[in-house]
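One structure below.
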Amino acid sequence: MSHPAQESLKDLAAAYALGALSSEEARGFEAFLTGSPEAQREVAEYRDVVALLALGSPDAAPSPDLRERMLTRIGGPATRHGPAARRSSTPWGALAAGLVAVLGLGFGFLQLREVRDLRARLGRTMERLAETSASLAAREATLNAIFEPGVQMFQLTASGDPDPGIQLFWDRQRHRAIVHGFKLPAVPDGRAYQLWFIKDGAPVPSVTFKPEATGHVRVEQIPVPAEGEVSAAAVTVEPESGSTQPTSPILLVGPL
C-alpha cells in the first residue's frame, strides 16, 4: 500500500513535467522520483502530451486514462494531510495556467499548419486548373484550325495497317499542316520520328517529334512546301536532331 506522503508526491508529476514546481519542491520530487518507477512513467507521459500539444500534432490528445488523471491532479482537493498540507497551492495554479498556455499554443500551431496545408492544396489545384485550361485552349485552337475551309485530312499508315497511324491535316491555303499521331511505339534515346513530304518525287525533310507515353503526339504549324507537286508524306526514325535524307526504312506513308 502506498504511503500518503508518497501519494502526495505522485500528485506533483504533472506540475513537475510542466516545470511549475519551486526549486525546493522540484528537488524533493526528484529525490522521490529516483525510487518510484510509477512516478517516472507518469512524468514521461505528461511530458509527451505537453510536447505533442506544443507541436500541434493531430495525435496530441492524451489517452482517456491519462486525461482523467491530469484533470484529477488539477482539480483535486486543496486540503491534504501530512507533507502535502504544508505545500503551497501555487504549483496547481501554475499548472492550470501552463496547461491552458500549452493548449493554446498547440491549437495555434495546429491552425497555422492547417492554413498552410490549405494554401498549398489550393496552389496545386490552381496550377492543375491552369494546365487544364491551357490544354483545352490548345485543343480548341487545333479544332478550329482543322475545320477551317480548305483543310483536308490524310492518313499515314504502316503497310495499310491503321494501327499505329498518323492523321495529317493539310491547310492548302496557308501551306500549313497538323499532325496527330496515335499508338506510336516509343523510340530509343537520341532518336525521333521525322516527317517527310514527297515533292516532285523526292523527300523533303520536315519536323521531328516524339510521342507521349500513351503513344499520342500532336504537332502544329508544320510548313508544307508551297511550290512543286507534293504527292505524299512519310515518317521514318532518324537522329533526334533530324536528317537531310532518310537513313532508315519508311514506317508510315500515305498519299496526299
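The values are calculated or read from the model by the stated rules, or taken from the named source; none is laboratory data. Worth saying up front: this structure is predicted, and the values here are computed from it rather than measured. Neighbour counts run over all protein chains shown; Cβ positions are idealised from the backbone, glycine included.
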For this session: Examine segment 161-171 for a residue that is touching a Pro at 6+ places or on another chain (Cβ under 8 Å) and either modelled with pLDDT of 85 or more or outside any strand (DSSP E or B) (or both), and state whether such a residue exists.
Result: no
Problem set entry | Residue check, Thr208 of a type in the set (Val, Ile, Thr), in a strand (DSSP E or B) and at pLDDT below 90 | no
For this session: Go through the residues of segment 237-247 one by one and say whether even a single one is free of Cβ contacts under 8 Å to residues at least 12 places away in the same chain and either in contact with a Leu (Cβ under 8 Å, 6 or more places away or on another chain) or in the same structural domain as Thr157 (by TED's automatic domain parsing) (or both).
Result: yes
Seminar exercise, completed: Counting only strands (runs of 3 or more DSSP E) wholly inside segment 216-256, the ones holding at least 2 residues that are more than 17 Å from Ala202 (Cα to Cα) and modelled with pLDDT of 90 or more are 217-223, 230-239
Problem set entry | Scope segment 225-244; condition surrounded by 10 or more Cβ atoms within 10 Å (Cβ to Cβ) and of a type in the set (S, T, N, Q); matching residues | Ser231, Thr236, Ser243
Exercise. Do the conditions hold for Gln221, that is, is it polar (S, T, N, Q) and at positive phi?
Worked result: yes
